[in-house]
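In what follows, a structure is listed as structure tokens, so that the remarks can point back to it.
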Amino acid sequence: MSELKALLFDVDGTLAETEEVHRQAFNSAFAEAGLDWVWDQDLYRQLLAVTGGKERIRYYLDRFNPEFPRPAALDDFIAGLHQAKTRHYTETVEGGRVPLRPGVRRLIEAARDAGLRLAIATTTTPANVTALLRASLAEDAEDWFELIAAGGVVPNKKPAPDIYDYSLEKLGLQPEQCLALEDSRNGLRSALAAGIPTLVSVSHYTQGEDFDGALLVVDQLGEPDQPFRVLAGDAAGASHVDVDLLRQLHAAATEAAPA
């Protein structure tokens, strides 16, 4: 059994319910470019099967809007749309209009106090991460995390394990020394493929996904006066996710893992 040494956090949907803000930012970018594309919530839920904003735009064109005449420089066209989308997103987040999900701040602060190492492992753009951490957690929140692995630092995005493999290498840790916190099936698959035990707190857009293999699935991390609801797994009588519960879950997972 290995000791828990680090927590690796996903961002979108895990730290905050950001996906709706992303959806609206995409639509603002499309309107700004003179496009009549509108991604409603039902469509966006389908588009979330693909991680990465530029990849999502390309998937939309291939799967849902194949009749759109492709510009000769399609990559540049998509990159421009994504750049505008990021600007709209960060402007919204920097305005303080995207709160952290229940229990996130409490857990991060408790983990720091307990001496656990903290890292971010996400496929979202680095500017999006910075904006959210500064506006919703603390002005110096980037310094709370030993590593912020984001965006295109790896060739393949979730559900590929690349971002977690990269994080483990930079941290100098083995997967069994870590625990990941995710909200989506793609994120869970990514962490598990890297060998990292994972807790899932489902978000608005990921309810009903298959989270087989997660240590525990809850509707939120919870607070002492705002208990979570267990969707799968055994919370050992806990009402909210704290460091003690994470250590229990991690110990049970690593003890049961084959040598």
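The values are calculated or read from the model by the stated rules, or taken from the named source; none is laboratory data. From a predicted model like this one, the values you see are computed outputs, not experimental measurements. Counting neighbours? That spans all protein chains shown, and the Cβs are built from the backbone with ideal geometry, glycine included.
All conditions in (1) closer than 25 Å to residue 54 by Cα; (2) charged (D, E, K, R); (3) assigned to a helix (DSSP H, G or I) hold for residue 97, with the sole exception of (3). In segment 231-259, of all residues being hydrophobic (A, V, I, L, M, F, W, C) and in a helix (DSSP H, G or I), the one that is surrounded by the fewest Cβ atoms within 10 Å (Cβ to Cβ) corresponds to 256.
You will find that of 173, 168, the residue that is more than 23 Å from residue 87 (Cα to Cα), crowded, with 22+ Cβ neighbours inside 10 Å and not acidic (Asp, Glu) is 168 and no other.
Pairs please, first residue from segment 217-230 and surrounded by fewer than 19 Cβ atoms within 10 Å (Cβ to Cβ), second anywhere and hydroxyl-bearing (Ser, Thr, Tyr) and in a loop (DSSP other than H, G, I, E, B), Cβ atoms under 6 Å, 6+ apart in sequence or on different chains. Every condition considered, the pairs that remain are 227/239.
Applying the set (1) of a type outside the set (Val, Ile, Thr); (2) assigned by TED's automatic domain parsing to the domain that holds residue 138; (3) under 16 Å from the mean Cα position of the chain (by Cα); (4) surrounded by fewer than 17 Cβ atoms within 10 Å (Cβ to Cβ) to residue 49 leaves exactly one unmet item: (2). Selection of segment 147-189 for residues being among the hydrophobic types (A, V, I, L, M, F, W, C) and closer than 26 Å to residue 230 by Cα yields 178, 179, 180, 181, 188. When the residues of segment 198-220 are filtered to those that are part of a loop (DSSP other than H, G, I, E, B) and in contact with a Leu (Cβ under 7 Å, 6 or more places away or on another chain), which remaining residue is modelled with the lowest pLDDT? Here the answer is 205. Against the test of being under 16 Å from the mean Cα position of the chain (by Cα) and either farther than 24 Å from residue 38 by Cβ or acidic (Asp, Glu) (or both), the options 124, 130 yield a single qualifying residue, 130.
Can you tell which of 63, 87 is among the basic types (Lys, Arg), under 15 Å from residue 32 (Cα atoms) and either outside the structural domain of residue 135 (by TED's automatic domain parsing) or touching a His at 6+ places or on another chain (Cβ under 9 Å) (or both)?
87
On the stretch given as segment 31-45, residues that are surrounded by 14 or more Cβ atoms within 10 Å (Cβ to Cβ) and either under 16 Å from residue 185 (Cβ atoms) or in contact (Cβ under 8 Å) with a residue 24 or more places away in the chain (or both) total 3.
The set of residues in segment 1-30 being polar (S, T, N, Q) and either surrounded by 23 or more Cβ atoms within 10 Å (Cβ to Cβ) or modelled with pLDDT of 95 or more (or both) consists of 14, 18, 24, 27, 28.
With the structure loaded, tell me whether residue 133 is of a type outside the set (Val, Ile, Thr), buried (at least 20 other Cβ atoms within 10 Å of the Cβ) and either modelled with pLDDT of 95 or more or over 30 Å from residue 172 (Cβ atoms) (or both) or whether it fails that test.
Details: of a type outside the set (Val, Ile, Thr): yes; buried (at least 20 other Cβ atoms within 10 Å of the Cβ): yes; either modelled with pLDDT of 95 or more or over 30 Å from residue 172 (Cβ atoms) (or both): yes.
It is true that residue 133 is of a type outside the set (Val, Ile, Thr), buried (at least 20 other Cβ atoms within 10 Å of the Cβ) and either modelled with pLDDT of 95 or more or over 30 Å from residue 172 (Cβ atoms) (or both).
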